[in-house]
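Down below is the structure, laid out as structure tokens.
The values are calculated or read from the model by the stated rules, or taken from the named source; none is laboratory data. None of these values were measured; they are calculated from a predicted model. All Cβ positions, even for glycine, are placed from backbone atoms using ideal geometry, and neighbour counts span all protein chains on display. We work out accessible area using only protein heavy atoms, side chains counted, and drop any ligands, DNA or RNA first. Shrake-Rupley method; radii C 1.70, N 1.55, O 1.52, S 1.80 Å.
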Amino acid sequence: MDFKNIDLANFDQLLGAKQEICIVSHKSPDGDSIGSSLGLYHFLKQLGHSVSVITPDRHPSFLNWLEGSKEIINLEYQSHIVNKLLTAANWIFCLDFNDINRVGDITPLLESAEAKMINVDHHQEPTHFCDYEYIETDASSTAQLIYELIAQTPHIDRLNKDIANALYVGIMTDTGSFRFPSTTASTHHVIANLLATGIDNAAIHRNIYDSSSESRLRLLGYSISEKMQLFLDHGFAIIGLSEEELQRFNYQKGDTEGIVNFPLSIQEVKVSVFLSAKDDKVKMSFRSKSDIAVNSIANTHFSGGGHANAAGGISSLPLADTIEKLIELLKESFPIETK
Ligand code: 5GP
Ligand code: MN
């Protein structure tokens, strides 16, 4: 394949007029994958294209208020439609993932699709699986990159509240509300331009972060008070939840999002790992502070990867065995000097 960076100024011309376009993002959709996808969706629709947003599985309900979220098609519930759309597409945008295997059962459909593919992403170690790519591994979020793509076209005047809300959500959620080191002056410039459309930033924050159910908050409390294991000499913390515990708190998709960050509020904790069991697999989220990288451990030992300070992985061992293995690895990786 011929790898090219998109010529930013010509991104809309590259596509051509009235195309069949699919926008695909990764498994377990988050604020950035959905925000960047819907931002691009609203923009491309205004240019006259026929556009669909496709995800491997359902997005969390705290994103349901975003315009267009009800039109998102997910493979779990609508596999027939997904198949049809991807087969008919002229262009497929792959947003917020760096490897074709990050889209679960959509992977073989992408592999056999005739469409030209464009990857827009900010994850480390891109695998160059598309015909075209716009990749900035230092960028705060894929949503910021989508803004940059739109801003370089002659159609920046099409930036409206629907696009701005979606992109704001992507940037806000992937920067921990503008506090991670990936937040730069240009991130704030982009945010200023999004706010200038008249979107309500306080309402966006409320919609995302103040929309929990009672059981979700109680699950958070339980995770911290009953389940957090601290290894302060080594500077790490682990929280692991079984399927039974999740069910006890009436687990809904998205309910465990963010739990992994809380142990980092302890001064000595530099690395936090959250594990949750589902269907004989254990999903793992890694977070770290400052210059400690967690993506390599996720990649080497748990078939995953991600960013230096935020990574994910998966384990096929039972929860208790996964935690045991993890503790060994973290003790080896973070000896006493991280204290
Ligand atoms: P989260 O903990 O929020 O699920 O994921 C944190 C970061 O790690 C995200 O940027 C996500 O894209 C990445 N990530 C999560 N799971 C995986 C995985 O299984 N493989 C890879 N390569 N990256 C992952
Ligand atoms: Mn992202």
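The helix-only estimate of mean residue ellipticity at 222 nm for the chain, built from DSSP H runs of length n ≥ 4 each weighted as -39500 (n - 2.57), is -10000 deg cm²/dmol after division by the residue total.
Here the Karplus relation 6.51 cos²θ - 1.76 cosθ + 1.60, evaluated at θ = phi - 60°, turns the backbone of region 88-95 into coupling constants of 7, 5, 8, 10, 10, 8, 10, 10 Hz, with x for every Gly and Pro. Can you give me the Cα centroid spacing of region 147-221 and region 102-124 in angstrom? Taking the Cα centre of each part, region 147-221 and region 102-124 sit 25 Å apart. When nucleic acids and ligands are ignored and a 1.4 Å probe is applied, Y134 ends up with an accessible area of around 20 Å².
Looking at region 215-333, the DSSP beta bridges with both ends there are about 75 percent antiparallel. Looking at the chain, the accessible area is 46 square angstrom per residue; that uses a 1.4 Å probe and ignores ligands, DNA and RNA.
Across region 137-214, the relative contact order, built from alpha-carbon pairs under 8 Å that are at least six residues apart, equals 37 percent. Per-residue Karplus couplings for region 224-239, computed as 6.51 cos²θ - 1.76 cosθ + 1.60 with θ equal to phi - 60°, are listed in order as 7, 7, 9, 10, 6, 9, 10, 10, 5, 4, 9, x, 9, 9, 9, 10 Hz, Gly and Pro entered as x.
Proximity of backbone amide H atoms, modeled 1.01 Å from N, is registered between F93 and C22, I23, V24, I118 at under 5 Å, excluding neighbours fewer than 5 places apart on the same chain. Classify region 3-209: rounded, prolate or oblate, from the alpha-carbon gyration tensor (a ≥ b ≥ c, eigenvalue square roots; a/c under 1.5 rounded; otherwise prolate if a/b is larger than b/c)? Because its axes are fairly even, with a/c under 1.5, region 3-209 counts as rounded. Working note: Karplus 6.51/-1.76/1.60 with θ = phi - 60° gives region 303-309 the couplings 6, x, x, x, 9, 4, 9 Hz, where Gly and Pro are set to x. Among 303-309, 92-98, sorting by the average number of other beta carbon atoms lying within 10 angstrom of each residue, highest first, gives 92-98, 303-309. Relative to the longest principal axis of the Cα atoms of the chain, the long axis of helix 319-333 makes an angle of roughly 90 degrees. When a 1.4 Å probe is rolled over the protein heavy atoms, the share of accessible surface on region 215-333 that falls to carbon and sulfur comes to 49 percent.
Among the GluC sites (Glu not before Pro) in region 1-84, those placed in a DSSP loop whose Cβ has at most 14 other Cβ atoms within 10 Å are E76. Quick check on my link table: of K27/K253; K27/K325; K27/K270, which ones sit more than 19 Å apart, alpha carbon to alpha carbon? K27/K325; K27/K270, as the Cα separations exceed 19 Å there. Structural descriptor for the chain: relative contact order 14 percent, calculated from alpha carbon pairs under 8 angstrom and at least 6 residues apart. By accessible area, using a 1.4 Å probe on protein heavy atoms only, region 3-209 has 47% of its surface on carbon and sulfur.
Kindly sort D99, D157, D200, D121 by accessible area of their heavy atoms, largest first, with the probe set to 1.4 Å.
Largest to smallest exposure gives the sequence D157, D200, D99, D121.
Taking Lys and Arg as +1 and Asp and Glu as -1, the other residues whose beta-carbon sits under 10 Å from that of T256 total +1. Proximity of backbone amide H atoms, modeled 1.01 Å from N, is registered between T256 and no other residue at under 5 Å, excluding neighbours fewer than 5 places apart on the same chain.
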